[in-house]
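Colleague: First the structure, then my questions, so here it is.
All of the numbers you see were taken from the coordinates with simple rules; none came from a lab. Given the structure is predicted, the values throughout are model-derived calculations rather than measurements. Here the Cβ is made from the backbone with ideal geometry for all residues, glycine too, and neighbour counts use every protein chain on show.
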Amino acid sequence: MHRIPIFSTLVVLAAAGLMVGLGFWQLQRLHEKEALLSSYASAQRLPGEVEWPRGEEKQQDFLYRRARLECAVVTGHSSIAGRNAKDESGAAQTADCTLADGTKALVVLGWSRMPMAAGGWAGGEVHGVIAPGPRLVAAPPLAGLEANAIPDPAEIPNNHLSYAVQWFFFAATALVIYVLALAKGRRP
């Protein structure tokens with residue numbers, strides 16, 4: 001008669017338990033992400049514009065809302081990878097703005113195939129949508145640029161269910177392999 005190795009069994013059970021715990025944690029994250037995406041979708045439908053929120057926490061609370069700001073001073077221009085309203089790849093043209101009260105804001109002025117196409121924009125009133133970053137994506141575009149794709153919370157992945165299934169599968173696989181190893185060890 002063979003004895004079951006206690007230490008190895010405990011290690012495998014602890015690992016499988018950890019994986020199952022991670023699976024349930026991903027299910028919890030799934031519900032949190034669904035609530036967050038729902039709030040973002042609701043924010044998109046709210047009427048009117050808000051003033052550019054001051055402070056990082058408020059900016060997170062206002063993601064996907066229509067907003068406005070007055071760029072008093074442009075402190076720099078840049079470009080980042082982006083897509084236009086026709087879903088073409090190119091460069092989103094940005095400006096680092098300082099508002100009259102000293103608050104900083106990143107403004108996405110518009111889209112171009114060429115980087116640094118909006119280096120001459122000197123500031124002014126901007127209307128648009130608050131996107132993660134946070135940044136204000138101008139709508140309508142400024143500085144003679146094409147329109148950027150409007151930020152859409154539907155583009156945020158919510159793959160927590162697949163992660164949960166993976167963790168449960170890993171736990172089951174570890175247990176099956178261990179049981180097979182024990183069975184093989186018992187054969188003469």
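Colleague: Residue check, Leu18 against (1) in a helix (DSSP H, G or I); (2) touching a strand residue (DSSP E or B) at 6+ places or on another chain (Cβ under 9 Å), all met but one. Which one?
Modeller: The single condition Leu18 does not satisfy is (2).
Colleague: Moving on. Could you check how many residues of the range 20-34 are buried (at least 16 other Cβ atoms within 10 Å of the Cβ), of a type outside the set (A, V, I, L, M) and over 26 Å from Phe62 (Cα atoms)?
Modeller: 1
Colleague: Out of (1) touching a residue at least 24 places away in the same chain (Cβ under 8 Å); (2) assigned to a helix (DSSP H, G or I), what's the single condition that is false for Ser162?
Modeller: Against the list (1) touching a residue at least 24 places away in the same chain (Cβ under 8 Å); (2) assigned to a helix (DSSP H, G or I), Ser162 comes up short only on (1).
Colleague: Give me a count of the residues in the range 51-75 that are on the phi < 0 side of the Ramachandran plot and touching a strand residue (DSSP E or B) at 6+ places or on another chain (Cβ under 9 Å).
Modeller: Let us first name the residues in the range 51-75 that are on the phi < 0 side of the Ramachandran plot, namely 51-54, 56-63, 65-75.
Filter once more, so that each one left must be touching a strand residue (DSSP E or B) at 6+ places or on another chain (Cβ under 9 Å): 51-53, 59, 62-63, 65-75.
Of the residues in the range 51-75, 17 are on the phi < 0 side of the Ramachandran plot and touching a strand residue (DSSP E or B) at 6+ places or on another chain (Cβ under 9 Å).
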